[in-house]
Amino acid sequence: LAGMRIVARFPAPAGIRAYILAPISSSNQGSIVAWNESVAPNKSFLTGSFGQGKVQIVDLFGNASDAVIDIHADQELVSQPTPPLRIPLTSSPIFIENIDLPLVQFISSVKIDPPVLQATTRAKEHAIVFKNAWSSGLTSRLSIIRPGGTLSADGTADRSWTISPRVGHATLAIGEEARIPIMVGFGPG
């Protein structure tokens, strides 16, 4: 941990702790430290896109292994330059090394505000919020594909969710936060 500091909490399911570590010197290489606090062993993992290149898992004794692609992920995502990885966790902390620090900080900043979506057919106002973590400006295009925006098994469009608009744009300066307003509605079924 010498030369590292915690810069953010990485989004993880309840019962799992994960923190993003950044070097004190300027570098785009960072780490995540993560462990299982209270999740059943078969659900004790962290998933996400952590960057291009060789992401490694290092235990407290310095044993290293390569992270593997999440076979449960959408196959379209698996073919991307930063495929989703599945990192198994135990109660002992592990370190996810060689992550793309700005990418992981960006991913950890994405949220829906307010965070609770109510089951009602009447659409409610929310926003997709995220922050530019790169050391340059960012032009973004947000596309909400699922839920309710894909074809069902029978070939008909799934209209169980109302989300409008499904596409948004934002241009952000260094460190700036974007709020893209959306309306969300779905029935209790």
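Worth a mention:
- A convex hull fitted around the alpha carbon atoms of the chain yields 147 Å³ per residue.
- Derived scalar couplings ³J(HN,Hα) [the range 10-21; Karplus, 6.51 cos²θ - 1.76 cosθ + 1.60; whole Hz; x for Gly, Pro]: 8, x, 9, x, 4, x, 10, 9, 8, 10, 8, 10
- Alpha-carbon centroids, the range 75-129 and the range 1-69: separation in whole Å: 13 Å
- Added length on full extension, which subtracts the Cα-Cα distance from 0.36 nm per residue, residue 92 to residue 177: 27.2 nm
- Approximate spin-label separation residue 135-residue 43, in nm, with each point projected 7 Å along Cα-to-Cβ: 4.1 nm
- The chain: most fluctuating residue of 49, 140, 31 per GNM, C-alpha cutoff 10 Å: 140
- Positive minus negative residues near residue 16 (Lys, Arg vs Asp, Glu; Cβ under 12 Å): +2
Where a number appears in this text, it was derived from the coordinates with a stated rule and is not lab data. Since the model is a prediction, treat every value here as computed from it, not as a measurement. Neighbour counts are summed over all protein chains in view; Cβ atoms, including those assigned to glycine, are modelled from backbone coordinates with ideal geometry.
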